[in-house]
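First the structure, in the form of structure tokens, and then the observations on it.
FYI, it's all coordinate maths here, none of it is from the lab. A quick note: this is a predicted structure, and the numbers were derived from the prediction, not measured. Note that each Cβ is placed from the backbone with ideal geometry, even for glycine, and that neighbours are counted across all protein chains shown.
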Amino acid sequence: MTLRTLALDDKYTLAEGRVFITGTQALVRLPMTQRLRDRSRGHDTAGYISGYRGSPLGGLDDQLGKARKHLAAHPLVFVPGVNEELAATAVWGSQQAEIGGEGKYDGVFALWYGKGPGVDRSGDAFRHGNLAGSSKLGGVLVLLGDDHTCESSTTCHQSEFAMVDAMIPVLSPAGVQEILDFGVIGWALSRYSGCWVAMKCVKDTVEATGSIDVDVHRVRIAIPEGMDLPADGLHIRQPDTPHAQEARLHRHKLGAVRAFARANRIDRTLIDGPAAKLGVITHGKSYLDVLQALDDLHLSQPAAAALGLRLYKVGMPWPLEPEGAADFAAGLQKILVVEEKRSLIEFQLKEQLYGRRDAPAIVGKQDENGRALFQPEMALDSNQVAIAIAERLLALGDNEALRRRVDEIRARRTPRGVIDIVSRSFYFCSGCPHSSSTVVPEGSKAYAGIGCSWMAQAMDRATTGYTQMGAEGMSWVGEAPFSRRRHMFQNIGDGTYFHSGLLAIRAAVAAGTNITYKILFNDAVAMTGGQRHDGPLDVPAIAHQVRAEGVRRIAVVSDEPHKYPAATAWPAGLTIHHRDAIDEVQRELREIEGASALIYDQTCAAEKRRRRKRGAFPDPARRVVINDLVCEGCGDCGVQSNCVSVQPLETEFGRKRSIDQSSCNKDYSCVKGFCPSFVSVLGGSLRKPQRVTDAAAFAALPEPARPPIDQRVYSILVAGMGGTGVVTIGAILGMAAHLEGRGCGLLDMAGLAQKGGSVWSHLRFGPTPDSIKTIRIAAGGADLILGCDMIVAGHSKTLAAARRGRTRMLVNTQETMPGDFARDADMRYPRGGLRGNVRAAVGDEGAEFVDAGRIATALMGDSIAANMFMLGFACQRGLIPLAVASIEAAIALNGAAEQMNQDAFLWGRRAALDPEAVERLLASARTSAGDAVSPLPVKSLDEAIASRRAFLVGYQDEAYAQRYVDLVERVRAVEARAFAGRSTLTEAAARCYFKLLAIKDEYEVARLHVQSGFLDRVSRQFEGSYRLVFHLAPPLLSRRDAKGELKKREFGPWVIPVFRILAKLRFLRGTAFDVFGYTAERRMERSLIRRYEDSIDAILLALERSRDASQHDAAVALASLPEQIRGYGHVRARSLEPVRERERELLDALRRTPVLSPPA
């Protein structure tokens, strides 16, 4: 097979042929295409691009920035707008360039972009601009970024009606090819009519990827004939009057729009036949749903026409061109209008056909009986559309095959037995500054802002409520006079502040409202991909601006408070603090009358990671590790850091914590957890596994079988976690298909998934690009589900695409906790339930589980390689319809982390063919995976007791260990007599008595750091020259904070010899010479041991006298209570309070039973 030769820049440089391109990249190419078309006609034009980012156009400005060298090859000027309204006004200005004879070019074609809320706020600018008009060789194209289902917005929105209000025609492309084609048509329409022209952009089109024809002259524009246009034309002029503009728009320009649409066949009948009785009219994304519906009904175009169907695809839904619509409706009995959200075509069609003889019945939002059919909220799916079409075709005449198909579609739903146990929702990234900045003092409340702080509402941060962008704080201005609360914190990001938020601060000051603005300066517009600000902005500038607006008290809080140069000019009275003092600072600010400001300065964690990869940001030579034997599993590190890189570690001694070094962004907030298990490694680097180049242990890999796609479309759904490379899988497979000349459609469903949430990539492969009609995979339509994360794979939203007997599922069993684990130390990973969901959906024969995360991390040193490993595994299993060589070429072309990705793909193939050989290699290899120091979980009670006995000998001595064994064996004997066959009480006593006996005092913490193998583990995990720093709070040496809690300090490597001495002095424990034993905490811990021994005595007495099962259950619960006593110092003390209350309840329950009364 010969693969195409191409370069990634082909999408912008080729003047003809096919390229593999996203909808967003097609928009970047569009002005280049227009410039080339103009030049070929002898016109010297230029282009102007401005707008404001937002989903689904969140990455447009980023792609424009990356393509600057290509834009520079044409006179194309890209100026990101400070906000949407100002950008729209600048676009208006671009049309005036040549009016006074001072223009450099024959005309300037302009492109505005923004998401739905930005469209709304720009309404006045759009109205003014459209009334003024476009220039003859310019033209304005307005990109409407609509998020119909509110995946990354604060409202579900639909922008066409804002355009109707401004009298701006709307084009609605259906796919990537039409984005490019309709863009060219849009500028031509704008030039001809003098109107601005809008183009609707939704996820299914602009965030899709496909192979398209980029011939510059592909679109041929027809100029309407016979139009009676005014002698002075339809275009912008100066001077002009509002009255003349309005008259020109209504009398001439909109008529010119309709004529242009008719002449260029923007609306087309695509399916027709002599017996057509049912018409389907649709546009844009809904057209794709109709195509998928017909495909699911097994109706080819001839078959649909034979059943009486006529299909009309509208390219310009407003204003609806009347002649074409009337021709479409002629002879039909009924028209089904398929459009998402509010009705746009339907009401126009009814208006145009009203009163005509033999006009067909029209249904859409309501059916024939006035019941809801296509709901106006959220989105439509192809199954709904298929059922609606089939029911009306069957009403024309029965067809057994069609009836059978529609019954099958009706039966499609979440597979039986699937229960959503847990979901992977969005969360702050590892090391996100919002994890620290959004915390408020006890008793205070905060309102969320637009951007990442919006997510704080889902966390325990006393944060709720939000406004539209730029109005942050104004809801409190209106609420405050009527509330008993005297103060509110308001979060606002620097991007929002620069966009328009400063006006809200001005208004709050003017109103005299008691409010503290928490302005997060994270040096990036983090929600949409980490773009830089659209102008100069830094912390001193913000401070001076808010002071100028009347904010008197300003505090700066930073993770690096000493980074500001001494010569920095600050407003008088401003104070600078370390982020650790944020609680104290906020307590002060909330007492201030009027408006105050806290500027929180810390760079976006995700952007830090990106910049570090490019060498554009300092990468501190510091890592943090956890000594799991010292760790108590209390979760305080998660509470303090709110960090998703802190993950559970299951050991024989209970759940501990570990740090996922692959995802860690080096924020170091976790060390604030009140626990001596945290150790910083300064210098050195993570030890990378040695690359295995000797393949002698593996048989030659045969070329895997491939699913045939010569006559069909093959569908793959990739399901995983945002930020782990799920989207990369789709991009590589799509490019591989393009290299082979195959058809491929790719659609990423991300929303807020880049913040650790669920992400899906829909991929469809066919023999040619034209064979891919629609990309989104319908219910039951997946041939392969590649589950890169088990939580996402086992969710009903994923499994709805599965069908038993058709779908194969490969699932990565790596257990990565969702963000909620940071706040729920006891959260359990429901591996059994998730596996059960997968098997319920596809059957045992259709499911395969792969420990890809563990294998990939061990081999490549980075868990990010797991997804590419999964792709290799699926490929070798014969589940990918593309050649290995094509995939490898696509990986090379992608360029990013090429060697790791090639290796991961290869090892996935090897693991699929010979998993035992891979496991043997792992068993013999030294890796940097950071193995636990604690023993792994054992299988038997005897092993559990033996391992703990051995530990206690090292902890103290043989006598101490025997004390443990004696109590556990006594419990075992009584349980065996009273409840033969049960051992849960003995197991609880074995775990919990050990936990209480092995007090982690100063001697023990020292021993576990230097005698447990921890230092050896660090040496296996790191290489190079490094030193260790321990984060401790020894009661005799540490200060206390404002809450009276001990503050941790750093102790360098000099403390290691001290640890060795302390470890040897453990024989002093419990003697008069034990200076540590006199502290309140140590006395409390010794009392817990005695209290537990007393509780066990009470339990055993109860069980000797009663064989009631409920007594046994209560006994197990009582014996297990010490598992809830966790942590050190004040954390441990807090955990004791509910335990003591529960202990009293259980003891009372035991003592209240009659059998415990003294015998007569």
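Quick look at the values:
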read-out	value
Whole-Hz ³J(HN,Hα) from phi, Karplus 6.51 cos²θ - 1.76 cosθ + 1.60, for the stretch 8-22, glycine and proline x	4, 7, 4, 4, 10, 9, 5, 9, 7, x, 10, 10, 9, 8, 7
Beta bridges per DSSP with both ends in the chain, % antiparallel, nearest 5	40
5 angstrom amide H check on D601, placed H, neighbours 5+ away	F521, V557, S558, D559
Cβ-placed point charges (K, R +1; D, E -1), dipole of the chain about Cα centre in debye, nearest 20	1400
Degrees between helix 284-296 axis and first principal axis of the chain (Cα, 0 to 90, nearest 10)	80
Ordering of 1124-1137, 24-37, 364-377, 844-857 by burial proxy (mean other Cβ atoms within 10 Å per residue, highest first)	24-37, 844-857, 1124-1137, 364-377
Residue among H578, A448, G465 farthest towards the positive dipole end of the stretch 434-611, charges placed on Cβ	G465
Dipole moment magnitude, nearest 20 debye, the stretch 12-262 about Cα centre, only Lys, Arg, Asp, Glu C-beta charged	540
Highest to lowest packing among 1013-1021, 464-472, scored as the average C-beta count within 10 Å	464-472, 1013-1021
Residue-wise HN-Hα coupling along the stretch 76-83, computed from phi with Karplus coefficients 6.51, -1.76, 1.60 (Hz; x: Gly, Pro)	10, 9, 10, 10, x, x, 4, 8
Kirkwood-type radius of the stretch 38-165, with distances r between different C-alpha atoms, in Å	15.2
Cα convex hull of the stretch 714-924, projected area averaged across orientations, nm²	11.8
Net charge contributed by nearby residues that have their C-beta within less than 9 Å of T603 (K/R +1, D/E -1)	-2
The stretch 781-855-the stretch 162-204 distance, computed between alpha-carbon centres (Å)	41
Expected 222 nm ellipticity per residue - DSSP helices of 4 or more, -39500 (n - 2.57), all of the chain, to 500	-11500 deg cm²/dmol
Under 15 Å, Cβ to Cβ, from E1045 - net charge with Lys/Arg +1 and Asp/Glu -1	+2
Peptide ranges 975-988, 54-67 listed from the most packed, as the mean C-beta count within 10 angstrom indicates	54-67, 975-988
Proximal aspartates and glutamates to K445, defined as alpha-carbon separation beneath 17 angstrom and excluding residues fewer than eight positions away on the same chain	D460, E472, E479, D583, E584, E588, E591, E593
Too-long pairs where the Cα-Cα distance tops 29 Å, listed order kept, from K200/K350; K11/K203; K115/K666; K518/K672	K115/K666
Share antiparallel - DSSP beta bridges, the stretch 714-924, percent rounded to 5	55
Histogram of C-alpha separations across the stretch 267-411, 10 Å bin width, %	12, 46, 36, 6, 0
Set of the stretch 975-1017 residues, backbone N closer than 15 Å to the point 7 Å along the Cα-Cβ line of R1086	997-1003
Crossing angle, helix 539-548 versus the chain [Cα axis fit, 0-90 degrees, rounded to tens]	70
Inter-label distance for L537 and R218, nm, one decimal - labels placed 7 Å from Cα along Cα-to-Cβ	3.7
In Å, descending, principal axis extents of the Cα set of the chain	110, 77, 68
Lys, Arg +1 and Asp, Glu -1 on Cβ, resulting dipole of the stretch 186-232 about Cα centre, debye, nearest 20	140
Charge dipole of the stretch 1047-1160 about the Cα centre (unit charges at C-beta), most positive-ward option of I1056, T1079, Y1092	I1056
With Cα atoms, 0 to 90° folded angle of helix 176-193 axis to the chain main axis	40
Surrounding net charge for A736, when Lys and Arg each add one and Asp and Glu each subtract one, Cβ distance under 11 Å	0
Residue-by-residue Karplus 3J(HN,Hα) for the stretch 873-881, coefficients 6.51, -1.76, 1.60, Hz, glycine and proline x	4, 5, 4, 5, 6, x, 10, 10, x
Computed over the stretch 12-262, the ratio Rg/Rh where both radii use C-alpha atoms and Rh is Kirkwood	0.94
Placed amide H near C744: partners under 5 Å, 5+ positions off or other chain	S211, G766
Distance between the stretch 245-307 and the stretch 948-1018 - C-alpha centres, whole angstrom	76
Three-way shape call for the stretch 463-593 based on the alpha-carbon gyration tensor, with the a/c threshold at 1.5	oblate
Förster-model FRET efficiency, 41 Å R0, R4 and A411, C-beta, rounded to 0.05	0.45
